[in-house]
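Please read the structure below before turning to the comments.
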Amino acid sequence: MGKKASEEVLLENFQRIQAYFREVVPEAGRYSVVYGCGVDVGLMNYAVVRTTTYKYTSYLIGYDPSALEILLLPVNVELTQHGDLVALRKAENKSVKFSRFTGEYTVKNNVLKKKYVQFSVPECISEDPDNVCILVRQDDAAKTFQTFFKNQYS
């Protein structure tokens with residue numbers, strides 16, 4: 001098991017997420033920001049062997065309720081590098097859904113490489129032995145994002 005992070009570290013990481021988003025994204029001031037993570041499971045079947053691969057992705061998620069837009073910024077867990085920013089506008093989505101069972105958000109949109117993205121926005125991640133997530137506490141921010149997603153974006 002990994003070592004648990006202190007409340008100070010969790011809240012400091014949330015502030016780092018906000019600052020990094022503002023640094024990288026143009027017009028970042030109009031977006032509320034949360035941390036999200038996703039797991040892409042790949043299955044391959046060969047004649048005798050079946051393999052499963054997992055790809056973990058960390059996202060800084062900016063959302064603007066007035067524009068009905070979500071920005072996804074893939075980042076590494078150290079917040080030193082980022083991928084291409086993707087804008088998901090409500091009008092361009094094929095479908096969106098939130099699963100109460102898994103706590104995952106799914107957005108299908110043609111601007112995405114795989115035509116969909118699936119992620120969760122946890123209220124708190126206080127330990128991660130595999131170092132695949134950013135340890136963060138974002139209780140109110142996660143609840144506000146969920147309300148936006150379910151009531152306005154869906």
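The values are calculated or read from the model by the stated rules, or taken from the named source; none is laboratory data. Quick caveat: nothing in here was measured; it's all calculated off a predicted structure. Note: ideal-geometry Cβ built from the backbone for every residue, glycine included; neighbour counts use all protein chains shown.
Observations on the model:
- The set of residues in the stretch 102-114 being basic (Lys, Arg) and either in contact with a His (Cβ under 9 Å, 6 or more places away or on another chain) or surrounded by 11 or more Cβ atoms within 10 Å (Cβ to Cβ) (or both) consists of 108 alone.
- Taken as a whole, the stretch 41-60 holds at least one residue that is charged (D, E, K, R), over 22 Å from residue 126 (Cα atoms) and modelled with pLDDT under 90.
- Among the residues of the stretch 1-33, the one identified as hydrophobic (A, V, I, L, M, F, W, C), exposed (fewer than 14 other Cβ atoms within 10 Å of the Cβ) and outside any helix (DSSP H, G or I) is 1.
- Look at the stretch 3-32: where a residue is under 17 Å from residue 142 (Cα atoms) and of a type in the set (A, V, I, L, M, F, W, C) and a partner is modelled with pLDDT of 90 or more and in a helix (DSSP H, G or I), sitting 6+ places away or on another chain with Cβ atoms under 7 Å, you get 21/28.
- Beta carbons closer than 9 Å, at least 6 apart along the sequence or on distinct chains, pair a first residue in the stretch 116-132 that is within 14 Å of residue 11 (Cα to Cα) and touching a residue at least 40 places away in the same chain (Cβ under 8 Å) with a second that is surrounded by fewer than 18 Cβ atoms within 10 Å (Cβ to Cβ) and basic (Lys, Arg) for 126/4; 127/3; 127/4.
Per-residue answers, yes or no, for (1) crowded, with 16+ Cβ neighbours inside 10 Å; (2) in contact (Cβ under 8 Å) with a residue 40 or more places away in the chain; (3) of a type in the set (D, E, K, R); (4) closer than 25 Å to residue 129 by Cα:
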{"residue": "57", "(1), (2), (3), (4)": "yes, yes, no, yes"}
{"residue": "60", "(1), (2), (3), (4)": "yes, yes, no, yes"}
{"residue": "66", "(1), (2), (3), (4)": "no, no, no, no"}
{"residue": "89", "(1), (2), (3), (4)": "no, no, yes, no"}
{"residue": "95", "(1), (2), (3), (4)": "no, no, no, no"}
{"residue": "100", "(1), (2), (3), (4)": "no, no, yes, no"}
